[in-house]
Structures are given as structure tokens and as C-alpha cells.
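**Student:** Next up is a structure, given as C-alpha cells.
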Ligand SMILES: [Zn+2]
């Protein structure tokens, strides 16, 4: 089922972890509106970046969220957040900088784990009242810092 011009429900609920561990990741019907909002906002992000987004995590059921140790208040459980990369458009840091400089009404934009070997990813969440909070979290400092910051270089 298509939720927006470029995003299908299937894409926003897919999880490799859920599949591997047999966890049900079907969203409840009451989150349909949130998932549609997420899909539409991701359309805007994709239009800004001019390349398809590779979504690694969208909706997470409470069971899946617990399994991966996600935050208790995670926007993923509300169907309002997604983690992604967009390699053709640049590194996660560059993509975050691009989104931060746009008019996209995100609630939180988090540059996550840029010091991992794979270069990390972008977490973006939406809400009715968009706060446009920008944060960084790295393996090197296990806490969220305000603003978009470089992570320490990964160990060789
Ligand atoms: Zn996330």
C-alpha cells in the first residue's frame, strides 16, 4: 500500500531484526495517520536530496523497540520517525546539514553514530508541533549533544 508518492507502508515497517528474530512489526490501525504524515514528509526530504532514501528503520512495534534497546519515548513506536542514509546525496553529516538548512518541518534531526565503520545514519522525526531540534550522538561520546557536530574519527 502506497502512503505517499514515494513511500509504501511495506518500506516503513520493514525491519531486518524483526524478520530475523520473528518479531511481529505490524503497526496498529490507529497509527495510520502518523505513518502517512511520515511518508509525506519523507517525500519532501527525498525531493530536497534529489536521490532515493535508503530507510533502515521506520515504525517499530514495542516488542521490536525493546529488542533493539530503543528509547522508551521513541518516535519510531508512534510511526513518526525514520532512520536512513542517502549515499548519492552525501555522507550522513552532509545530508543532516542539508536538511537542517531547509524548511522541512522536522521535530528532531539526529546525526547518529557517524564514527561507526559504516558511517552512521540520519534519524528524523516529525510531529504536529515541529520543534526543529538538531542533535548528534556518536559512539565516542555516549550522550546526545545539541547541534550538528563531527564525531571523533573511528579507530582504524
Ligand atoms: Zn531512529
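Any read-out appearing in this document is the output of simple, stated calculations on the displayed coordinates, not a laboratory observation. Computed from a prediction, not measured in an experiment: that's the story for all the values here. Heads up, the Cβs are rebuilt from the backbone with ideal geometry, glycines too, and the neighbour counts pull from every protein chain shown.
**Student:** Please work out which one of (1) out of contact with any strand residue (DSSP E or B) (no Cβ under 7 Å at 6 or more places or on another chain); (2) closer than 21 Å to residue 59 by Cβ; (3) within 16 Å of the ligand (Cβ to nearest atom) is the condition residue 105 fails and give its number.
**Tutor:** If we test residue 105 against (1) out of contact with any strand residue (DSSP E or B) (no Cβ under 7 Å at 6 or more places or on another chain); (2) closer than 21 Å to residue 59 by Cβ; (3) within 16 Å of the ligand (Cβ to nearest atom), just (3) comes out false.
**Student:** Looking only at residues in region 112-134 that are within 15 Å of the chain's Cα centre (by Cα), within 16 Å of the ligand (Cβ to nearest atom) and free of Cβ contacts under 8 Å to residues at least 40 places away in the same chain, which one is nearest to residue 55 (Cα to Cα)?
**Tutor:** 122
**Student:** Please verify whether residue 115 is surrounded by 14 or more Cβ atoms within 10 Å (Cβ to Cβ) and either touching a helix residue (DSSP H, G or I) at 6+ places or on another chain (Cβ under 6 Å) or farther than 24 Å from residue 7 by Cα (or both), treating the condition exactly as stated.
**Tutor:** Values: surrounded by 14 or more Cβ atoms within 10 Å (Cβ to Cβ): yes; either touching a helix residue (DSSP H, G or I) at 6+ places or on another chain (Cβ under 6 Å) or farther than 24 Å from residue 7 by Cα (or both): yes.
Spelling it out, residue 115 is indeed surrounded by 14 or more Cβ atoms within 10 Å (Cβ to Cβ) and either touching a helix residue (DSSP H, G or I) at 6+ places or on another chain (Cβ under 6 Å) or farther than 24 Å from residue 7 by Cα (or both).
**Student:** Residue by residue through region 118-156, note down the ones that are crowded, with 20+ Cβ neighbours inside 10 Å, touching a helix residue (DSSP H, G or I) at 6+ places or on another chain (Cβ under 8 Å) and in a strand (DSSP E or B).
**Tutor:** Scanning region 118-156 gives 121, 122, 124, 125.
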